[in-house]
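What follows draws every value from the coordinates through simple rules; no lab data is involved. Just so it is clear, the model here is predicted, and its values are computed rather than measured. Note that each Cβ is placed from the backbone with ideal geometry, even for glycine, and that neighbours are counted across all protein chains shown.
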Amino acid sequence: RKEVEQDPGPFNVPEGATVAFNCTYSNSASQSFFWYRQDCRKEPKLLMSVYSSGNEDGRFTAQLNRASQYISLLIRDSKLSDSATYLCVVTLPYNNNDMRFGAGTRLTVKP
Amino acid sequence: EAQVTQNPRYLITVTGKKLTVTCSQNMNHEYMSWYRQDPGLGLRQIYYSMNVEVTDKGDVPEGYKVSRKEKRNFPLILESPSPNQTSLYFCASARGPLQETQYFGPGTRLLVL
């Protein structure tokens, strides 16, 4: 079983739609969680951290469910510019420098 | 402008020919790391460095070497490249161990024939 698993998609949604991605992780003691965004052939960029209490940044909401070992990303009112691959990232408990990336979920927002 | 630079951006080489991919950051970050990205596998950490002269293995270190003689530079060395090292490589840096904001370089596409 992979340490971090994501549905690869692709998710094809119309502008204005709400879309949600889930990510599961295998190590129950994982400490930190993030969502990164990666545009085609570009470097990943931090989208947002995921906190235990859940957090929101504009149209983006991230949530953590430790009991079920998954994190989620909700995008409301999708824009064309949201088209990208979204990477789920988890740090291992014994070494906060050891980050494990999911393979990514590809989102395409269409007019 | 705060940035991480990598060179070269694209490289085609042959099996066994030693190569170095350079990485440099201008943010005075202590932490730097190298990743490779392959389809369906996501990014996997090769090596990381907590500070000058402090390096450690990541998830997939075999076939790679690194050095950290200066804070700003963290080169990746392939002593004897093989075709299975064909990949997209990213260098990244962060202020410290808690990598909330990890800045990535633009990537280096390597093809080993």
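Counted by neighbouring Cβ atoms within 10 Å, the residues A:M48, B:M32 run from fewest to most as A:M48, B:M32.
Can you tell me the relative contact order of chain A? Whole percent, Cα pairs under 8 Å, sequence separation 6 or more.
The value is 37 percent.
Hydrodynamic analysis of the stretch B:25-113 uses the Kirkwood radius over alpha carbon pairs. Inserted into Stokes-Einstein at 37 °C and 0.692 mPa s, it gives a translational diffusion coefficient of 248 µm²/s. Gyration tensor over the Cα atoms of the stretch A:27-77: the corresponding equivalent ellipsoid has semi-axes (square roots of 5 times the eigenvalues, largest first) of 20, 15, 9 Å.
Taking a straight line from the alpha carbon of B:K18, these lysines sit under 25 Å away, with near neighbours fewer than eight places off in the same chain left out: B:K57, B:K65, B:K69, B:K71.
A simple spin-label model places the labels of B:M50 and A:E15 5.0 nm from each other, with each point 7 Å out along Cα-to-Cβ.
When Rg and Dmax are taken over the Cα atoms of the protein assembly as shown, they come to 17.6, 51 Å. Note on A:K110: lysines with a C-alpha under 28 Å away, same-chain residues under 8 apart excluded, are A:K42, A:K45, A:K79. Residue-wise HN-Hα couplings along the stretch B:3-17, as the Karplus relation 6.51 cos²θ - 1.76 cosθ + 1.60 with θ = phi - 60° gives them from phi, are 6, 10, 10, 10, 8, x, 7, 9, 8, 10, 9, 10, 3, x, 8 Hz; Gly and Pro carry x. Of the GluC sites (Glu not before Pro) found in the stretch A:1-48, no site is in coil according to DSSP while having at most 11 other Cβ atoms within 10 Å of its Cβ. For chain A, the alpha carbon positions stretch 45, 30, 22 Å along the principal axes, listed from largest to smallest.
Once R0 is set to 45 Å, what does the formula 1/(1 + (r/R0)^6) return for the Cβ-Cβ distance between A:D7 and B:S67, expressed as a FRET efficiency to the nearest 0.05?
Efficiency, rounded to the nearest 0.05: 0.70.
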